[in-house]
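Quick notes on the structure that follows.
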Amino acid sequence: MSKAQQTKKRILEGAIALYNERGFTNVKVRDIAEYLQISPGNITYHFPNNRELMNTIYDHMIASIKAVSVSDQILISQGKGMEAPRHFLVQVSKYRFFYKDIVTIIQMYPQIALKHQKMVNRQIEIIESLLFISVGKGYFRQEEIEGMYKTLAEAITNTLHFWLTRQATKGKEDDDLEGALDHISKLIYPYYTEKGLEVYFPEVAAALQR
C-alpha cells in the first residue's frame, strides 16, 4: 500500500470513528484533521468535498456487508441461519452513525440515497430467497398465502436497517444487537416446521413432544 493509500485509509477510519462518536452532523473536516493530527488540506487533497468522503465511506460499508453475506446460504444449510443477521448487524454497527443519521445523510447526498434504496430492495430479494431455501430444507412451512415470505423478508430487512435508528430515537446508547436478533427470531418463529424448531429451538421442540 502506497503512502497516499495509507493516508486515505487513515482519513476514512478517522472520519468513521468521529462520526460514530459524535454524530455525523457534529463533525467537520477540521475535527477529522485534528483527530488524525494532519492538516485539513491533506484531507481535502484526497477527498475534495464531503460528498466524495461520504460516498467512499458508504461504498466501504456496502463492501463489508457483501463480504460477510457470501456465506449466508452455507449457514442455512448447516442449520445456522441466525448467524447471517448477526454478521450483518456486526458490520453495520461499525458504521452506526449512518443509520442514526440516515435521514439527514440521504437528504444531503441524493447519490447515496439512490444507492441505499437499491441495496435495501436487493436485500429484500436476497432474504426472501434465503427464506425459500429454508422452506426447501424443511425448516419453514410451505408458503400458505402468496407473498407471505416477501412480507417477512421486508420485516426482517426493516429490523436490520432501522434497529440502530430505533435505539437512537429511544435515547439508547447501547446498540443492543442481541435485542435485534431476538426481535428477528420472534418474527420468524411462527414459520418454523417441527424440523425447524428442532434445529433452532430444540428446547421448545422437546417441550412440545412431552
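Which order do ASP182, ASP101 fall in if you start with the one that has the fewest other Cβ atoms within 10 Å?
Values: ASP182 11, ASP101 18.
Ordered from fewest to most neighbouring Cβ atoms within 10 Å, ASP182, ASP101 come out as ASP182, ASP101.
May I ask you to list the lysines whose Cα is less than 22 Å away from that of LYS80, ignoring any residue fewer than eight positions away on the same chain?
LYS66, LYS137, LYS150, LYS186, LYS195
Please report, in cubic angstrom per residue, the volume enclosed by the convex hull of the alpha-carbon atoms of the stretch 1-48. The partial results should precede the final answer.
Details: hull volume 3.0 nm³, N = 48.
Per-residue hull volume (Cα only) is 63 Å³.
So what is the calculated 222 nm ellipticity per residue for the chain, using -39500 (n - 2.57) for each DSSP H run with n of 4 or more, over all residues, to the nearest 500 deg cm²/dmol?
Working: 13 runs with 159 residues, N = 210.
Result for the chain: -23500 deg cm²/dmol, rounded to the nearest 500.
Which is farthest toward the positive dipole end of the chain among ASN121, SER71, TYR35, measuring Cα position about the Cα centre, with Cβ charges +1 (Lys, Arg) and -1 (Asp, Glu)?
Looking along the dipole axis, the top candidate is TYR35.
Give the share of C-alpha pairs in each 5 angstrom bin for the stretch 29-183, from 0 to the last occupied bin, in whole percents, shortest bins first.
2, 8, 15, 18, 18, 14, 10, 7, 4, 2, 2, 1, 0
Only sites in a loop by DSSP and with at most 14 other Cβ atoms within 10 Å count here; which trypsin sites (Lys or Arg not before Pro) in the stretch 140-192 make the cut?
Working: sites: ARG141, LYS150, ARG166, LYS170, LYS172, LYS186; in loops: ARG141, LYS170, LYS172.
When the trypsin sites (Lys or Arg not before Pro) of the stretch 140-192 are filtered for loop state and at most 14 Cβ neighbours within 10 Å, LYS170, LYS172 remain.
Would you mind telling me which residue in ILE65, ILE105, ILE74 has the biggest mean-square fluctuation in a Gaussian network model of the chain, where springs connect alpha carbons within a distance under 10 angstrom?
ILE74
Bear in mind these aren't lab numbers, they're just calculated from the coordinates by the rules spelled out. This is a predicted model, so every value here is computed, not measured. Virtual Cβ from ideal backbone geometry, glycine too; neighbours counted across all protein chains shown.
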